[in-house]
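The values are calculated or read from the model by the stated rules, or taken from the named source; none is laboratory data. Note that the structure is predicted; figures quoted are calculated from it, not measured. Note: ideal-geometry Cβ built from the backbone for every residue, glycine included; neighbour counts use all protein chains shown.
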Amino acid sequence: MAIEKIKEKGMVVAYLSNVYYKGRRYIGARRHSKKEADLDGAEQKRDLLTGNHLEESRKTLKDGFDDYMTLVAPKRLGSFAIQGAESYFKNHIEPVFGFREMTSIKSIEIQKFLVKKEKELANATVIKMYTLINQIYKMMLQWNELKVNPLDGVQKPQPDFKEKTTWTKEECHLFICCAGIS
């Protein structure tokens, strides 16, 4: 096991653990301290030796979406919900994240995406997109394709409920008169 220093402008900015096992190199996550990278390396080595190491999938979000829509959605969603999910993915999510490997997508990128979409689309639509991405990641975790769901670090958009307004009897009569309904 070795610890690799990552330098920028001559200064050490991060550390990575490198574990070599059966002729392959396993690289740990980027860490701020050498001690964290050491712990990472020891954990990786333990997992490799005990057979608990999970090799993360290199699937793109589009591949994950296709798996979800083929294997899970028909049992969980109605026909309109399936059409909606396909539309949200094709028109909004795929252009931004569809080509990216699922492991490369970070929480902050998803949060920025949702904030941008909140300015463009209805609140309920943004919540549905969040839920769709989250369901895809949850299924990939359940199938042991991934280790981490980046949406765990994303704040779900809050519904913006509007106060219900009820017209008085006079307002109803005024509306009927103005609309020309007898």
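Quick notes
- For the range 143-182, filtering for residues that are outside any helix (DSSP H, G or I) and small (Gly, Ala, Ser) leaves 2.
- In the range 88-109, of all residues being over 10 Å from the mean Cα position of the chain (by Cα) and among the basic types (Lys, Arg), the one that is nearest to LYS59 (Cα to Cα) corresponds to ARG100.
- Where a residue in the range 141-158 is touching a residue at least 40 places away in the same chain (Cβ under 8 Å) and closer than 24 Å to VAL126 by Cα and its partner, wherever it lies, is basic (Lys, Arg) and not in a loop (DSSP other than H, G, I, E, B), with Cβ under 9 Å and at least six apart: LEU151/LYS138; PRO157/LYS117
- Taking the range 37-58 as the range and being surrounded by 15 or more Cβ atoms within 10 Å (Cβ to Cβ) and in contact with a strand residue (DSSP E or B) (Cβ under 7 Å, 6 or more places away or on another chain) as the test, the residues that pass are ALA37, ASP38, ASP40, GLY41, GLN44, LYS45, LEU48.
- Among the numbered conditions (1) touching a residue at least 12 places away in the same chain (Cβ under 8 Å); (2) closer than 24 Å to PRO159 by Cβ, the only one that GLY41 does not meet is (2).
- The residue that is modelled with the lowest pLDDT, among those in the range 131-166 that are hydroxyl-bearing (Ser, Thr, Tyr) and loosely packed, with under 11 Cβ neighbours inside 10 Å, is THR165.
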